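Chemist: Just passing along the structure, written as C-alpha cells.
Read the figures in this text as sums done on the coordinates, not as results from a lab. For clarity, every value in this text was computed on a predicted model and none was experimentally measured. Here the Cβ is made from the backbone with ideal geometry for all residues, glycine too, and neighbour counts use every protein chain on show.
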Amino acid sequence: MNEYILSLDQGATASRALLIDRAGNIAGRASVALTPLFPRSGWMEYDPLEIVFSALRACAHLLAQTHVDATKICAVGLSSQRETTVVWDRRTGKPIYNAIAGPCRRTADYCGELARHEPMLLEKTGLLPDATFSASKLKWILDNASGARQRAHEGSLLFGTVDAWLAWNLTGGQSHITDASSAARTMLFDINTLAWDDELCALFDVPKLMLPSVVSSSGYLGEIAPAVTGLEDLAGAPICALLADQSAALFGQGCFGAGMTQCSYGEDAHLLLNTGAGRVRPGGGLLSTIAWNIGDQVCRAVEGYVLGAGSALSWLSADLGLFESPLQCDTLAGQAAGLSNPVLVPAFCGLGFPDWDMSARGALVGLSRGMTRADLALSALNGIACSVAGLVEDLESSADVKIGEFRVSGQLCAGDTLMQLQADLLGKAVYRPEALEMAAVGAALLAGVTSGLWSMAELPAVGGQGNIFMPQRSERDRRHALHVWMRGVERARHWAE
C-alpha cells in the first residue's frame, strides 16, 4: 500500500523536503541551502540551475536518510517562493539569464512610472505597481538579454515563477504549468477572471505564448520523469499539488475558513487572511490575492507583508558574523538587560506594507556606548515583531475583521524570544506548531487529499500540538514600544531617493 507523501518546498534561502506518512507523522526531513547573488546594490538573483539542483538534492537526501521504498510514495506536492522570475529556452530547457529574485529592486524606477495605471492594476491583479512582482522582471530580461525579445515573440522562450520552473524540470519538460496562487503574483493575471490578461501583457510587452498554463492547485499535474537526476526511483510518481509557499502554509495550518490567518516568518514576513470565495478590496497598501484554486472552488485572501524581516538576522549572523545562527541571536536577545534600546529597521530593499517606500534603506538608530550584542539581537527581533504587529492592526481595520489566535510558521519561529515579543506586541495569543515548515506540510496535505490518502474531513494534524505564547505586557507598554519603532521607521524612509 502507498503510504507516504513527498513534499518539496523551494524557498528563498533553501529547498526543504518532507516525507509524511498516512498518520501525519513526519518520517524525515532534509534541507539544502540556496545561495542568493547580489550583482549590484539593490539587485538580487539566483542561479536557476542551483534552484533545481538544491531541490533535487533535498529530495535525494531525504530518500537516502529514510530508506523508504519509493514505490510507497503515492504523490508529490510542490510549494515554492513566488515572484522570482525565470526565462528559459523551450527546446533546450536552459535559462537565458539568472533568476531575478522577488526582493530585487532593479525595476523600481520603471514601476514608479506605472503610477497612472495603479487603479487598473489594483482592480485586475490586486497588486500595487512594484518591482517585487514578476511582470517588470520579465520585461527587464526580455529587454536586456541578448535577442530575448525576438525569441520570445517567435515562441522559443518560456517564462515561469519557481513553481513552473521546478515542474518543467521534474517532468522532463512535459509540464509548463502554474496555479492561480503563483500566477496572482505576476501582475499579468486577472484575479477576477482567473486568466492571463491581454491588457496587462500589452502593458509589460510580454507575449502570452511564453506564459505557463494555469492549472488547479490540486490534481494530476504531471509525473516525475525517469531522467531526473537523483530521483530515478521516483520515476512515474504523480505531482498532485502545486501551491505558492504562503498559500501552502495557510492550507497547512488548517486555515480553511474565512477570517482565519497565518503568518510566515522568513526573509520576509507574510500575513494571509482567508476571505473565502469572495474578493475583499482592503486598500491601505494591503493586497488581494488567490490562496488556492481546487477544481472550480477558489479561495481568496488578503495579504500584507514585511520586507526584510528575517534578513536582519541573516545579516547579523551570516554577513557580520556576530552570531552563529538566527537561533543563537534569539537566545542572546533573551539575555539582554534592556539598558540600551536601539531600533533596527531591516529595510534593506525598501519598506513594504503599509509604506511601500522602495527608497527606504535599513537603519540602526538610538545607539549608545553601552550597547551589547544581546541588545543588538533584541533590536532585530523587536523590529520583526513590531512590523508584524503594525501589519495586523492595519489588516483588522482595513478588512474589518478581528483576528483571534495568531498562527505562525517558518524557521525564525523556532526562537521563543521572538514568539514572546510577538505575543506582547500583538496583545494576542500566538500559536506555534510543532512543525515549522508549514508550506511543505500544506503541499503534502493537499497532495494527499488529491491522491486519496486522506479526505479533507480526516486531514491529520502534522507535527503535534505546538506551543502557545500569551501576551505579558500592559497595553501602555505595548503602545509605547510601537511608537518608538515608528520613530525609527521614519528615519529609514526616502533614504535612497
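Chemist: For the chain, with equal point scatterers placed on the C-alpha atoms only and solvent neglected, what are the log10 I(q)/I(0) values from the Debye formula at q = 0.07 1/Å, to two decimals?
Modeler: -0.34
Chemist: Multiplying the sequence separation of A33 and H494 by 0.36 nm and subtracting their Cα-Cα distance, what value in nm do you get?
Modeler: 162.7 nm
Chemist: Under the 0.36 nm per residue contour assumption, what length would be gained going from the current alpha-carbon distance of D319 and A461 to full extension? Please list the in-between numbers first.
Modeler: Working: separation 142, 0.36 × 142 = 51.12 nm, distance 3.71 nm.
Gain on extension, D319 to A461, equals 47.4 nm.
Chemist: Another question, if that's okay. State which stretch of the chain is the longest one without any exposed trypsin sites (Lys or Arg not before Pro), exposure meaning a DSSP loop state and at most 13 other Cβ atoms within 10 Å. Please list the in-between numbers first.
Modeler: On the way: sites that count: R40, R91, R369, K402.
No qualifying site falls inside 92-368, the longest such stretch.
Chemist: With charges set only on the Cβ (+1 for Lys and Arg, -1 for Asp and Glu), what does the dipole of the chain come to about its Cα centre, in debye to the nearest 20? Before the final figure, lay out each step's value.
Modeler: Working: 37 positive and 51 negative charges, 113 e Å.
Dipole size: approximately 540 debye.
Chemist: For R479 and A277, what does the FRET efficiency come to when R0 = 41 Å and r is the distance between their Cβ atoms, rounded to the nearest 0.05?
Modeler: Given R0 = 41 Å and the Cβ-Cβ separation, E is 0.65.
Chemist: Is there a pair in K94/K139; K137/K428; K72/K94; K124/K428 whose C-alpha atoms are over 28 Å apart, and which pairs would that be?
Modeler: Cα-Cα > 28 Å for K137/K428; K72/K94; K124/K428; rest within.
Chemist: What is the distance in Å between the Cα centroid of segment 200-267 and that of segment 100-179?
Modeler: Taking the Cα centre of segment 100-179 as reference, the centre of segment 200-267 is 16 Å away.
Chemist: Next question, about the same structure. Considering the dipole of segment 1-124 built from charges on the beta carbon (Lys and Arg +1, Asp and Glu -1) around the Cα centre, which of Q81, L56, V32 is farthest to its positive end?
Modeler: Value computed over the given set: L56.
Chemist: Based only on Cα atoms, what Rg/Rh ratio does segment 1-115 have, Rh being taken as Kirkwood's radius?
Modeler: With Rh from the inverse mean 1/r over Cα pairs, Rg/Rh is 1.10.
Chemist: Which loop-located GluC sites (Glu not before Pro) does segment 387-456 contain, where loop means any DSSP state but H, G, I, E or B and the Cβ has at most 15 other Cβ atoms within 10 Å? Present the calculation step by step, with values, prior to reporting the outcome.
Modeler: Details: sites: E393, E396, E405, E434, E437; in loops: E405, E434, E437.
Those that pass, being in a loop and sparsely packed, are E405, E434.
Chemist: Separate question: What are the residues whose amide H is under 5 Å from the amide H of A360, where those residues sit 5 or more places off or on another chain and H is modelled from the backbone?
Modeler: The list, which skips near neighbours in sequence, is L351, H494, W495, A496.
Chemist: Same structure again: If you restrict to DSSP beta bridges whose two residues both lie in the chain, what percentage is antiparallel, to the nearest 5?
Modeler: Of all bridge pairs located within the chain, approximately 75 percent are antiparallel.
Chemist: Skipping prolines and chain starts, which residues have an amide H placed within reach, meaning under 5 Å, of the one on A291, given they are 5 or more residues away or on another chain?
Modeler: C299, R300, A301
Chemist: Next question, about the same structure. What is the spin-label model distance, in nm, from A64 to Y220 if the labels are put 7 Å beyond Cα along the C-beta direction?
Modeler: Placing both labels 7 Å along Cα→Cβ, they lie 3.3 nm apart.
Chemist: Can you give the FRET efficiency for T92 and F256, using 1/(1 + (r/R0)^6), R0 = 45 Å, r = Cβ-Cβ distance, to the nearest 0.05?
Modeler: With a Förster radius of 45 Å, E is 0.60.
Chemist: At 7 Å along Cα-to-Cβ for each site, give me the label-to-label distance between N144 and D198 in nm.
Modeler: 3.1 nm
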